[in-house]
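Presented below is the structure to which this report refers.
The values are calculated or read from the model by the stated rules, or taken from the named source; none is laboratory data. Note that the coordinates shown come from a computational prediction; the quantities given were computed from them, not determined experimentally. All Cβ positions, even for glycine, are placed from backbone atoms using ideal geometry, and neighbour counts span all protein chains on display.
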Amino acid sequence: MTAQSELTITSAANPRLKGLLALRRRRTREETGHTVVEGYEELALALAAGVRPRTLYVCEELFSPAGRAGSQDIGHQSDLLARVRTEGVEVVHLSRSAYEKVAYREGADGLLALVEQVGMPLGSVPVDRPDFLGLLAQGVEKPGNLGAMLRTADAAGVDAVVAADPVTDWGNPNVVRASKGTVFALPVAAGSTDEVLAWVEANDVALVVTTPETDRLHTEVDYTGRVAVVVGSEKHGVDDRMLESAAHRVRIPMCGKANSLNVSVSAAIVLYEALRQRTTG
């Protein structure tokens, strides 16, 4: 049942919903310092990482078996709603038509939160561990690829992910969605390539740069110690500045007719080689 103090919105023209829609633009996210997180899994991970939503928008009709969420998810969604209520988060109820107006994905499960913009200053990224493992993504264009790399980085035990000359921001809702919320579980930062390289040098991080222009395979270098794996855009790869700063240049063997892999796949292959070396000795 809706608490008396909780607002209900039924009109898709409501100004609040217009504000949520405006957050699809990077400029608005940067100006307001906010972004949105949609979906139970993403929200649960964000909450576990200490994120406190400013507002939670819910459509309980979508919790039910008659809605789009599976019946097995109803208890989890209701538990999450109860949790944010106990933390004093504002809860706003939306009609199905109003919710679908602001939903970012098909098959919405009725949970969408307004949160603070994600990311930290480059200088705040924790690099104090002697076995620090980072992932640097230079000029990666597609939010889906950035999100996929975050999921891999989280699974592979990466300590931080840094975007150099980013085309999009970490708070892009499509990055959040593709990352399944892991963007909140990892330290993430961004900067120009020059800023990132200065940070790398100041923290004595060895760069392992992926490029087809080398004979050395990704399995032939040492990933122990303070290391960051570097991937570039699918169209152009990394630039000369990254290549010149590399401790190692590595390639992934290609046996077919295609001359490259999706950048998120390339990152996964190299990061898991680093994990293998670090866990098997």
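Every condition in (1) crowded, with 18+ Cβ neighbours inside 10 Å; (2) under 19 Å from Asn172 (Cα atoms); (3) assigned by TED's automatic domain parsing to the domain that holds Met242; (4) not hydrophobic (A, V, I, L, M, F, W, C) holds for Lys101 except the one numbered (3). Taken together, Arg226, Arg241, Arg276 contain a single residue that is surrounded by 16 or more Cβ atoms within 10 Å (Cβ to Cβ) and basic (Lys, Arg), which is Arg226.
Got a sec? Which of Glu213, Glu195 is under 25 Å from Leu243 (Cβ atoms), charged (D, E, K, R) and assigned to a helix (DSSP H, G or I)?
Details: Glu213 fails: assigned to a helix (DSSP H, G or I).
Checking each option against the conditions leaves just Glu195.
Which residues, counting only those in region 219-267, are under 20 Å from Leu133 (Cα atoms) and in a loop (DSSP other than H, G, I, E, B)? Within region 219-267, Val221, Asp222, Tyr223, Thr224, Gly225, Arg226, Val238, Ala246, Ala247, Ile252 qualify. Pairs are defined by a Cβ separation below 6 Å, a sequence spacing of at least 6 or placement on different chains, a first member in region 220-248 that is more than 28 Å from Thr280 (Cβ to Cβ), and a second member that is of a type outside the set (D, E, K, R) and in a helix (DSSP H, G or I); the pairs so defined are Glu234/Val263; Arg241/Thr193; Ser245/Leu197. Please list, ordered by first then second residue, the pairs with beta carbon atoms under 7 Å, 6 or more apart or interchain, first in region 17-34 and on the phi < 0 side of the Ramachandran plot and polar (S, T, N, Q), second modelled with pLDDT of 95 or more and part of a helix (DSSP H, G or I). Close Cβ pairs (under 7 Å, with a partner that is modelled with pLDDT of 95 or more and part of a helix (DSSP H, G or I)) amount to Thr28/Ala22.
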